[in-house]
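Peer 1: Mind looking over this structure? Questions follow.
The values are calculated or read from the model by the stated rules, or taken from the named source; none is laboratory data. The shown structure was predicted, so the numbers you read here are calculated from the model rather than taken from an experiment. Cβ atoms come from the backbone with ideal geometry, glycine included; neighbour counts cover every protein chain shown. Side chains included, ligands, DNA and RNA excluded: accessible areas come from the protein's heavy atoms. Shrake-Rupley method; radii C 1.70, N 1.55, O 1.52, S 1.80 Å.
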Amino acid sequence: MGTDAVKRLFCALAVAVAVVAPGMARAEGWLAGANRWVEGHLAAGSGWAAGMALLFLGGLLASLLPCVYPLYPITAGIIRGRSGGGGGAWPHPVAYYLGLAAVYFGLGLAAGATGGAFNQVLRWPLVNVGLALLFFALALATAGLLHIGWFGGGVAGGGVPGLRGTFVMGMGAGMLSSSCVGPFVVGILVALAGQADGGARLMSLAMAASKMLAFGLGLGLPFLAIGLFGAKLPKSGGWMRWVQWGLGGLIAWFSYVYLEKGLGSLGVGPSGVALVFWAGVALVIAAYFAQGGAAPAPERVARSVWALVAVAAALAMARGVYPSGASAAVTGPETLRGAGLTWYLNRQDAVAEAKRTGRPIFVDFFAHWCANCKEFERRVASDVALNAALGKAVLLKIQDTDPEFKEFQADPRFPELKVGLPFFAILDSGDQLLYKTSDFTRTSEMILFLEE
């Protein structure tokens, strides 16, 4: 197959993703059914080659999820901007694709080596605050306000300019997409964390890494297609400045999401997170103008960002030296009303009510930073059948900051909670597990178990 034919193939795939995929994603019955088919065949113990093909297909299906869509224009803009340095149409898209896949390869290695402990590290509040600062700096760099030299330049003595920086930006896209493709990633990582160790340790690590790599290669295929297609966008001009600002705004939004995740784990509510974020923006602006106009603008922005990092580090140290002390006793209501339903916020109360009435317990594990958790809440309010089925159960909400969340995490029945959210479980009145899932779209299955 010639080069032109390959380009036409990838252009056709890019058009399919951009035009057809949104319609397929809205047809959630089809997408959920395809996901279940892939998961079912994986669970059936297919051979190595068939398993890799299924994981690749699973990654491709996961790329159709709506929360991945904001990354597509980011990809097109990054590839278009970085391909201007020469080297042809394919090196930067391929580097971006390999960088994205490398993230999933690393996740597989970490899961196989640590038995899931790495996923716990990614839940630490300070780690997420650090990631928020990193993405904030990348947002400024994308908008052209901050110069990060490592992302520019080429290989000494030749090579394609900025190729290693494109690889790193692809890794960034892999990190961002990993928070969107939860059900598949959770299932794979939970399985990998429980694989054999000891004498088979090296083989276990190799299998874990290869499985996640296959998933990442499938997930990244539309990004590769869009990158190759994007390299043929019109020549740069004034319009590219607006594209840069738009992409910078999208990356800043991801920075906000990680900040919400980190501070939310420390008990800070949504309004508090917004206050901290905009206070940080104000700090950067104030530090920029406080320096005067002697130094070049990119240097002043860099110093302002370092000032923000210094303030964040000082606050983290202060929290460690002067802890907040014992938590105050909860005086608020033990239940929460929403969409005509009553949710218990205390496991003991929910269990007592289930035993009294003989009804099952539906547990919704959630976090304020979890986009899919919020989407499930919207479904509860809009889906009449789901709302009615939930009304027949004892409802329990467990936030990731609640002490009871750690108790559920320690329960061997729920290894998914060590990987991420959302997560849902249905228990009978005797605390026996009836059903669990990390996929908020499987409402028909939830209804089936609730109405048994």
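Peer 1: Where residues in the range 375-394 are surrounded by fewer than 19 Cβ atoms within 10 Å (Cβ to Cβ) and not in a helix (DSSP H, G or I), which of them is farthest from the chain's Cα centre (by Cα)?
Peer 2: Looking at residues that are surrounded by fewer than 19 Cβ atoms within 10 Å (Cβ to Cβ) and not in a helix (DSSP H, G or I), I get Lys392.
Peer 1: Filter the range 369-394 down to the residues that are in contact (Cβ under 8 Å) with a residue 60 or more places away in the chain and of a type in the set (Asp, Glu) and list them by number.
Peer 2: Selection gives Glu375, Asp383.
Peer 1: What do you reckon, is Lys397 touching a residue at least 24 places away in the same chain (Cβ under 8 Å) and either within 22 Å of Gly269 (Cα to Cα) or open to solvent by 50 Å² or more (accessible area, probe 1.4 Å) (or both)? Break it down into steps so the answer makes sense when it comes.
Peer 2: On the way: touching a residue at least 24 places away in the same chain (Cβ under 8 Å): yes; either within 22 Å of Gly269 (Cα to Cα) or open to solvent by 50 Å² or more (accessible area, probe 1.4 Å) (or both): yes.
So Lys397 fits the description; yes.
Peer 1: Of the residues Leu275, Leu259, Leu263, Leu250, which single one is more than 19 Å from Gly130 (Cβ to Cβ), within 22 Å of the chain's Cα centre (by Cα) and part of a helix (DSSP H, G or I)?
Peer 2: Leu250
Peer 1: Kindly provide the set of residues from the range 396-452 that are hydrophobic (A, V, I, L, M, F, W, C) and in a loop (DSSP other than H, G, I, E, B), ordered by number. Outline the logic, then answer.
Peer 2: First pass over the range 396-452, keeping only residues hydrophobic (A, V, I, L, M, F, W, C): 396, 398, 405, 408, 410, 414, 417, 419, 421, 423-427, 433-434, 440, 446-450.
Correct list: Phe414, Val419, Leu421, Phe440.
Peer 1: Working only within the range 403-452, note down all residues that are open to solvent by 20 Å² or more (accessible area, probe 1.4 Å) and within 14 Å of Cys370 (Cβ to Cβ).
Peer 2: Glu416, Val419, Leu421, Phe440 - these are the residues of the range 403-452 that are open to solvent by 20 Å² or more (accessible area, probe 1.4 Å) and within 14 Å of Cys370 (Cβ to Cβ).
Peer 1: Only residues that are small (Gly, Ala, Ser) and at pLDDT 90 or above: list them for the range 335-351, please. Steps first, answer last, please.
Peer 2: Restricting attention to the range 335-351, the residues satisfying the condition of being small (Gly, Ala, Ser) are 338-340, 350.
Scanning the range 335-351 gives a single hit, Ala350.
Peer 1: Please specify each residue of the range 278-293 satisfying the condition of being in a helix (DSSP H, G or I) and not aliphatic (A, V, I, L, M).
Peer 2: So the first thing to find is which residues in the range 278-293 are in a helix (DSSP H, G or I), and the list is 278-290.
Once the filter is applied, which keeps residues that are in a helix (DSSP H, G or I) and not aliphatic (A, V, I, L, M), the range 278-293 yields Trp278, Gly280, Tyr288, Phe289.
Peer 1: Identify, please: which residue in the range 310-334 is open to solvent by less than 50 Å² (accessible area, probe 1.4 Å) and touching a helix residue (DSSP H, G or I) at 6+ places or on another chain (Cβ under 7 Å) and is, among those, modelled with the highest pLDDT?
Peer 2: Ala312
Peer 1: Pairs, please: C-beta under 8 Å, at least 6 apart or cross-chain, first residue within 19 Å of Phe376 (Cα to Cα) and in the range 427-452, second part of a loop (DSSP other than H, G, I, E, B) and of a type in the set (Phe, Trp, Tyr)?
Peer 2: What qualifies is Lys436/Phe414.
Peer 1: A follow-up question, please. Among the residues of the range 374-421, write down those that are β-branched (Val, Ile, Thr) and under 19 Å from Leu263 (Cα atoms). Before you say what the answer is, go through the steps one by one.
Peer 2: To start, the set of residues in the range 374-421 that are β-branched (Val, Ile, Thr) comprises 380, 384, 394, 398, 401, 419.
Result: Ile398, Thr401, Val419.
Peer 1: Only one of these is at pLDDT 75 or above and crowded, with 21+ Cβ neighbours inside 10 Å: Ala132, Ala143. Name it. Give the derivation first.
Peer 2: Values: Ala143 fails: crowded, with 21+ Cβ neighbours inside 10 Å.
So the residue among Ala132, Ala143 that is at pLDDT 75 or above and crowded, with 21+ Cβ neighbours inside 10 Å is Ala132.
Peer 1: Next question, about the same structure. Sort out which residues of the range 55-94 are at pLDDT 70 or above and touching a His at 6+ places or on another chain (Cβ under 7 Å), and write them in order of number.
Peer 2: The answer is Ile79, and nothing else.
Peer 1: For Arg359, all conditions in the list (1) at pLDDT 85 or above; (2) outside any loop (DSSP other than H, G, I, E, B); (3) open to solvent by 30 Å² or more (accessible area, probe 1.4 Å) hold save one; what is the number of the exception?
Peer 2: All conditions are met except number (2).
Peer 1: May I ask you to list the residues in the range 95-122 that are of a type outside the set (S, T, N, Q), under 20 Å from Phe254 (Cβ atoms) and either buried (at least 20 other Cβ atoms within 10 Å of the Cβ) or at pLDDT 80 or above (or both)?
Peer 2: As a first pass, look at the range 95-122 and keep what is of a type outside the set (S, T, N, Q): 95-113, 115-118, 121-122.
So of that shortlist, the ones also under 20 Å from Phe254 (Cβ atoms) come out as 96-97, 99-104, 106-107, 121-122.
Residues satisfying the conditions are Tyr96, Tyr97, Gly99, Leu100, Ala101, Ala102, Val103, Tyr104, Gly106, Leu107.
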